[in-house]
Amino acid sequence: MAAVPGGLFAVYKPAGVAWGRVREAVETRLLRELNAVPGRAPRQHVRFLPAPGDDGAPGLVAARVPVLADHPLVLGIGHGNKLLTDLYNCHLTKVYTVGGLLGKATDDFSDTGNLVEKTTFDHITREKLERILAVIQGTNHKALLMHSNIDMKTQEAYELAVKGLIRPMGKSPPIITAIRCLQFALPEFQLEIHCLHETQQYLRKIVHEIGLELKSSAVCTQVRRIRDGVFTLDDALLRTQWNLQSIQNAIWDCQLKVKTELEKTLGHQDKIHLHKMDVDMAHAADS
Amino acid sequence: EAAAMWWALRAVRRPPPAFRRGLAKPARPRSVRQLREAEEAAPVFQYAGKAAKRKDRVFVWGFCYSGALGVPSFVKPDVGWKKPRRIQPTPYRLETEEKISSAACGYGFTLLSSNTADITKVWGMGLNKDSQLGFQRSIRDRTKGYEYVLEPSPVPLPLEKPQETRVLQVSCGRAHSLILTDSEGVFTMGNNSYGQCGRKVVEDETYSESHLIHQLKEFDSRVVQVVCGQDHSLFRTKKGAVYACGWGADGQTGLGHYNITSVPTKLRGDIAGVNIIQVSSYGDCCLAVSDEGDVFGWGNSEYLQLASVTETTQVNVPRHLPFKIGKIKEAACGGTGNIVLTEEGNVFVWGYGILGKGPNLIETAVPEMIPPSLFGWSDFNPDIRVAHVRCGLSQFAALTNRGELFVWGKNLRGCLGTGRMEDQYFPWRVTVPGEVVDVACGVDHMVSMVKSFT
């Protein structure tokens, strides 16, 4: 039996569960199944994307997470860990659906915090909200161009700006690349946010600031990641699928996507990891 | 005896205040029910009523020392700790008494006008050495006028019916200005050494501290748009004709000669009989757009503005520019570059200078399109279109249908409003706290009319 090919796959993390537990569960399951297989089971490392929002001391995480819903987590096996770092360095955008509730302001910007103020919101219409969102998108687009550290006076910068490929390739404050309103039913509304380098607290703060701009107040009720770079919700494995076979299939399916993305963005850097991926793909094709 | 006992009892009845914690309980976390009740009992604040209207605001930015921004504290600080500000690099809100419906930036001065029926309809600020803002009486000496006006001051117009006539539009050139009214024709003021004010040139006339404001009424129909070039004036009438007066050495008057004209005269050439719906000029080149979407140009062509039809550098008769870029909706002329907007919402530039397609494109005689993705168009936002285009002397501005303002060009003394001092080689957003409705570009400053969000 061939060894498990190294690679990346996405897992659906249910709401209210710490991501450490999910990792342990997948790890245990994988190890159990591999041990049951006759033959040498190579030592596996399972490493993780530092899921934004879950940064910080683990103790604090458990407290905040219950408000929010589900995240696909990207896990890596074997040399997939290095791929994980490369993918992280691509600085791809993540897409979230964020739910908000108008009329309340709390100290931690979510609806379970201590109440700070209640306001009226009957003057708010979808048109006003969309105007604010257009401005947020505009200023964030400006921030995107400024933090990407390219000299604006070069022809290269112009070409990249036309194609929309200017992105900060290093550390930068959270930037929203696109935002739009999916649903609007007073007092609730739902936004779709595409962002880079964000934290969960930043997303809640955005909802709060939208409330302030509309001359009212808002709290965030739900944050749900629906896309992480190239992995979408469709690629995420459900709890029932945390077994060796489905993980292998998932790695195989996502390999091509991950490879093209890495080549496109880090094409000028060393191709060692990509080469290894090629070898793996060849092996898997043979077996 | 009884009285003494009564007094003693009275003293006793008032016991000394003992610190008892009768009703106070030790602090402990409130239960969910208590929290919910406290939340429901909390007062609700109202910051905006249901029928709250959006407010109209004016934002200015650019070079301050001429006074053209209208904020006196930039030039003469009113408080000890403030320092004079030479440049305002980002939009700054200007308080105005009325809603401003039209603004124009000249060479170091600004005019703002409102559509009101009140007596004061036009305000001016900035350079007034040629009385381009009318006569601004000095407070210290009632016989003299101000050379620099630091805050928006009323322009005294000799109206026949000051409480009925409305000012529709204002326009400013290098040292003269035009004010268009709905029923009393066009008022001109400022320098007239080339006849740009539409009156006969008087030799050795002193233009500073002049009270003279000339009125022009003799056109084939009502004037609907006035445009100031550097030293010439253009008038567009309701019937679609264009009149011009002023300096003509570059052919900018379009009257078939290179002399001065001091009386507004109708243009012929390729626009004879054509219904013109918009004219534009700021330097020495002029563009006109017809109702069928054709564009005509005349004037200076040293920077390839008209090189698509002729090799000569001065064109003194309007010529049709046969561009195959679609039906044209709006055109704007700068000092060395031109910009047009088509019906589909595409923006084309040509001429010389920083045209907006990166540092490599310095000059072109044929219009080049600026990719819509630079204005925020993307698969995520496919409905974004450019709605208006404007030109300063060496800057361009574009307004989208979402109310965003994009600028590019030479950043002369911070006039682009981006917050940086560098030139901008492709369209860049200006962050304005509101939806930008209109913008007026000058040489080194800009004025925008903005509606607040809520």
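The values are calculated or read from the model by the stated rules, or taken from the named source; none is laboratory data. Model, not experiment: these values are computed from the prediction. Neighbour counts are summed over all protein chains in view; Cβ atoms, including those assigned to glycine, are modelled from backbone coordinates with ideal geometry. Only protein heavy atoms, including side chains, enter the accessible area calculation; ligands, DNA and RNA are left aside. Shrake-Rupley method; radii C 1.70, N 1.55, O 1.52, S 1.80 Å.
In summary, the aspartates and glutamates within cross-link reach of residue B:451, defined as a Cα separation below 20 angstrom excluding same-chain residues under 8 places away, comprise A:127, A:130, A:209, A:213, B:56, B:95, B:97, B:98, B:404, B:435, B:438. Here the 3J(HN,Hα) profile of the stretch B:320-328, calculated from phi with Karplus coefficients 6.51, -1.76 and 1.60 at θ = phi - 60°, is 6, 9, x, 8, 9, 10, x, 6, 9 Hz, Gly and Pro shown as x. For the protein assembly as shown, a simple Cβ point-charge model (Lys and Arg +1, Asp and Glu -1, everything else neutral) yields a dipole of about 3060 debye relative to the Cα centre. Amide H contacts under 5 Å for residue A:221: A:99, A:100, A:101, restricted to partners 5 or more places along the chain or on a different chain, H placed in the peptide plane at 1.01 Å from N. Protein heavy-atom surface of the stretch B:54-451, 1.4 angstrom probe: 48% of the accessible area is carbon and sulfur, with nucleic acids and ligands not counted. Accessible surface for residue B:390 stands near 60 Å², nearest 10, in the context of the full protein assembly shown (1.4 Å probe). Sorting B:435, B:203, A:130 by solvent-accessible area of protein heavy atoms yields B:203, A:130, B:435, largest first, with a 1.4 Å probe. Counting only DSSP H runs of at least 4 residues, each contributing -39500 (n - 2.57), and dividing by the residue count of chain B, the helix-based mean residue ellipticity at 222 nm comes to -1500 deg cm²/dmol.
Positive-end ranking of A:35, B:104, B:317 along the dipole of the protein assembly as shown, with charges on Cβ about the Cα centre, is headed by A:35. A simple rule links phi to the HN-Hα coupling: the Karplus curve 6.51 cos²θ - 1.76 cosθ + 1.60 with θ = phi - 60°, which for the stretch B:244-256 gives 9, 8, x, 5, x, 4, 9, x, 5, 7, x, 9, x Hz, with x for Gly and Pro.
Gyration tensor over the Cα atoms of the stretch A:95-170: the corresponding equivalent ellipsoid has semi-axes (square roots of 5 times the eigenvalues, largest first) of 36, 16, 10 Å.
Around the amide H of residue B:168, modelled in the peptide plane, lie the amide H atoms of B:180, B:181, B:182, all under 5 Å away and 5 or more residues distant in sequence or on another chain. For a 30 Å ceiling on Cα separation, which of these pairs sit above it: B:121/B:217; A:215/B:329; B:239/B:327; B:121/B:200; A:205/A:259; B:144/B:200? The answer is A:215/B:329; A:205/A:259.
Taking a point 7 Å from the Cα of residue B:38 along the Cα-to-Cβ direction, the residues of the stretch A:90-126 with backbone N closer than 11 Å to it are A:114-116.
Structural size metrics of the stretch B:12-164, computed from C-alpha coordinates, are Rg and Dmax of 28.8, 92 Å. Derived scalar couplings between HN and Hα for the stretch A:202-207 equal 5, 5, 5, 5, 4, 4 Hz in order, rounded to whole Hz, by the Karplus curve 6.51 cos²θ - 1.76 cosθ + 1.60 (θ = phi - 60°), x for Gly and Pro.
A viscosity of 1.002 mPa s and a temperature of 20 °C, combined with the Kirkwood radius over C-alpha pairs in the Stokes-Einstein formula, give the stretch B:88-171 a diffusion coefficient of 158 µm²/s.
Per the Kirkwood formula applied to alpha carbons, the stretch B:54-451 shows a radius of gyration over Rh ratio, Rg over Rh, of 0.95. Hey, which lysines would be in cross-link range of residue A:142, C-alpha to C-alpha under 17 Å, not counting anything within fewer than 8 residues on its own chain? Straight-distance partners of residue A:142: A:153, A:163, A:171. Across the stretch B:54-451, the mean sequence separation of Cα contacts (distance under 8 Å, 6 or more residues apart), normalised by length, yields a relative contact order of 14 percent. The angle between the Cα long axis of helix B:32-41 and the main principal axis of chain B comes to about 60°, on a 0 to 90 degree scale. For the stretch B:291-380, would you read off the P(r) tail past 21 Å as a percentage of all alpha carbon pairs? Counting pairs separated by more than 21 Å, the tail of P(r) holds 30 percent. Could you please state, rounded to a whole Å, how far the C-alpha centre of the stretch A:145-179 is from the C-alpha centre of the stretch A:200-235? The distance from the Cα centre of the stretch A:145-179 to that of the stretch A:200-235 comes to 23 Å. For the protein assembly as shown, the average shadow cast by the Cα convex hull is 51.3 nm², which is a quarter of the hull's surface.
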